[in-house]
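Student: Sharing a structure here in structure tokens format.
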Amino acid sequence: MIRVLIADDQSMVRMGFQMILDAQDDIEVVADVEDGVAAVTKARELRPDVCLLDIRMPGLDGLEVTRQLAGPDVADPLKVVVVTTFDLDEYVHTALRNGASGFLLKDAGPALLIEAIRAAHRGDALVSPQVTVRLLKHFEGASARRQVDPPKEPLTARELDVVKAAARGLTNTEIGAELYMSLSTVKTHLAAVQGKVGARNRVEVAAWAWRSGLVD
């Protein structure tokens, strides 16, 4: 069972998410809170498998909550999916930099919401397709490319194929289908790449690929 915490300052949104998630056999909502301070407190107390966070909340916004629960300095990070009505590249970039495993727009629909939670739980990442490539292109432009550290050791040809596919926003399952690999092989390649380029997750691998100029 995937245990989920919902944090949103609108009660109708929390109620709607809870109805969608509780209808799934493999998902259970263990808490819903209306502000960022309560989100951090409850998340640390309950240790849910996935935290579903709005960005604009009283107390602490969702980006700061993400940093406190999943950021680079967190010893035992939680999985966070950010859901917002605001399709702003700066928000997406900051959320992912702060450790989010997914970023969705509230109008993405129930199916994508459920898939994002399941993806985060299994260590994958899901970003709304309409923002993925635009985000990476926007933030990993020419100025950023000059700041990229080379990998600790060269990537193999198949690792490069997997990285390029991940940078286009494909899930592990989609990468496997496209490259004729098993799911476990895709995960093995991604794990190897993370070690070589110093990334914590597949989102950072994708960002590294764009900064490095591997993807046009």
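The values are calculated or read from the model by the stated rules, or taken from the named source; none is laboratory data. Since the structure is predicted, the reported quantities are computational estimates derived from the model, not experimental observations. Cβ coordinates were reconstructed from backbone atoms using ideal geometry, including for glycine residues, and neighbour counts include every protein chain displayed. Note: accessible area is taken over every heavy atom of the protein model, side chains too, but ligands, DNA and RNA are not part of it. Shrake-Rupley method; radii C 1.70, N 1.55, O 1.52, S 1.80 Å.
Student: Restricting to region 157-180, give me the number of residues that are in a loop (DSSP other than H, G, I, E, B) and buried (at least 19 other Cβ atoms within 10 Å of the Cβ).
Tutor: 2
Student: Quick one: Phe17 ticks every box in (1) without any contact (Cβ under 8 Å) to a residue 60 or more places away in the chain; (2) outside any loop (DSSP other than H, G, I, E, B) bar one, so which box is it?
Tutor: It is condition (1) that Phe17 fails.
Student: Tally time: how many residues in region 166-216 are under 22 Å from Pro150 (Cα atoms), hydrophobic (A, V, I, L, M, F, W, C) and free of Cβ contacts under 8 Å to residues at least 24 places away in the same chain?
Tutor: 2
Student: Then there's this: Report, by residue number, each residue of region 1-42 that is under 23 Å from Arg122 (Cβ atoms), β-branched (Val, Ile, Thr) and open to solvent by 60 Å² or more (accessible area, probe 1.4 Å).
Tutor: none
Student: Scan (1) at pLDDT 85 or above; (2) within 16 Å of the chain's Cα centre (by Cα); (3) closer than 30 Å to Met19 by Cα for the single condition Pro110 breaks and write down its number.
Tutor: Here Pro110 meets the rest and fails (2).
Student: Looking for whichever is farther than 14 Å from Ile114 by Cα and not β-branched (Val, Ile, Thr) here; the options are Leu21, Leu69, Leu52. Which one fits? Break it down into steps so the answer makes sense when it comes.
Tutor: On the way: Leu21 fails: farther than 14 Å from Ile114 by Cα; Leu52 fails: farther than 14 Å from Ile114 by Cα.
On inspection, the qualifying residue turns out to be Leu69.
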